Structures are given as structure tokens and as C-alpha cells.
Amino acid sequence: MKSFETLPGLSLAYLGDAVIELLARERLLQGGFTNTGKLSAQARTYVTAKNQSQAMDRLLPMLNEEETSYYKRGRNANGISAPKSASVSEYRRATGMEALFGYLHLAGKQERARELFAAAFDQSLDDDC
């Protein structure tokens, strides 16, 4: 594998999408939720472009220079086409967030990823399970 420092933003986002999904699933299970149908539906609320874009409003002030550069690498990547469920801006910001989490994972910064995930997503998202 290429060094993560040289991976394209979309490649980092590909991995980051899975990292965010894993963190969401862990959070839901740690919250005591066990109904798999509801768990799956609730986990999806964390991986929508709209919710991730909103989460970036909370995260951007917390990011250091290096983290910001990985976010921007994903956000500014070429070849992004937004789905109908999100604006181009929302989708780009979500892709940036995923690239950030992909970078954190590859850099071995799991605690930082957990810290940012907790700051990004309000616990109230879990209330419907």
C-alpha cells in the first residue's frame, strides 16, 4: 500500500466511511441498544452526507493544521458527484470528513478519531433506538 501521506483524498474517504460507520455502531452498542433493525437504521444517520456536513461545523474549530489538510484533501478531490439526497457542498464536506477519519485510522490515531467522533455527533442521534 502507498504511504497514507500520498493517498488521494477519495481513497482516504473510502476508508474513512468505514471508520465512521464502525464508530457509530460501537457507540450504539455501548448505549445498550440491541434491536438490529433499529441499530442499522440509526447507524445510517451517522453516514449521511447531510449529517456529516453539519458535523464538520462542530469539528473544524477543533482540527489542527495537519488534520485540516487531510479534510481539505477529501473535500477538494476531483471526481465527486453528489447524490440527489445532498447538495454538492454537503457531499464535498462529508467526503472531507471521511478523508479525515481515514487519515486518523491509518496514522494510528484511534483515540483522536473517537474524540472527534464524539464531538461531531450529538448523543441525541441515538435517542430513537
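The values are calculated or read from the model by the stated rules, or taken from the named source; none is laboratory data. The structure displayed is predicted, hence computed values, not measured ones. Neighbour counts run over all protein chains shown; Cβ positions are idealised from the backbone, glycine included. Accessible surface is based on the protein model in full, side chains and every heavy atom, while ligands, DNA and RNA are left aside. Shrake-Rupley method; radii C 1.70, N 1.55, O 1.52, S 1.80 Å.
Let me confirm the definition first: pairs of Lys residues in the chain, 8 or more apart or on different chains, C-alpha distance under 19 Å. How many are there?
Taking the Cα cut-off of 19 Å, the pair count is 4.
Seen from all sides and averaged, what is the projected area of the convex hull of the Cα atoms in the chain, in nm²?
Working: hull surface 31.6 nm².
Quarter of the Cα hull surface area: 7.9 nm².
Just grab the label-to-label distance for ALA18 and THR45, each label 7 Å out from Cα along the Cβ direction, in nm (one decimal).
In this crude label model, ALA18 to THR45 measures out at 2.6 nm.
How many angstrom separate the Cα center of segment 48-66 from the Cα center of segment 81-118?
First find each Cα centre; the distance between them is then 8 Å.
Treating the beta-carbon of each Lys and Arg as +1 and of each Asp and Glu as -1, no other charges, what is the dipole magnitude of segment 24-107 about its Cα centre, to the nearest 20 debye?
Charge dipole, segment 24-107, about its Cα centre: 360 debye, nearest 20.
Determine, from the Cβ-Cβ distance of ASP57 and SER87 and an R0 of 22 Å, the FRET efficiency 1/(1 + (r/R0)^6), rounded to the nearest 0.05. Don't jump to the answer; show the numbers that get you there.
Details: r = 14 Å, r/R0 = 0.66.
So, using R0 = 22 Å, E works out to roughly 0.90.
Can you find, among PHE101, GLY32, SER85, the residue farthest towards the positive end of the dipole of segment 1-119? Put +1 on the C-beta of Lys and Arg, -1 on that of Asp and Glu.
Selected residue: SER85.
Given a 1.4 angstrom probe, I'd like the percentage of the accessible area of the chain that is carbon and sulfur, rounded to a whole number.
In the chain, the share of accessible area belonging to carbon and sulfur is 51 percent.
Tell me what the chain gives for mean residue ellipticity at 222 nm when only DSSP H runs of n ≥ 4 count, each as -39,500 (n - 2.57), the sum divided by the residue total, rounded to 500 deg cm²/dmol.
Rounded to the nearest 500, the figure is -20500 deg cm²/dmol.
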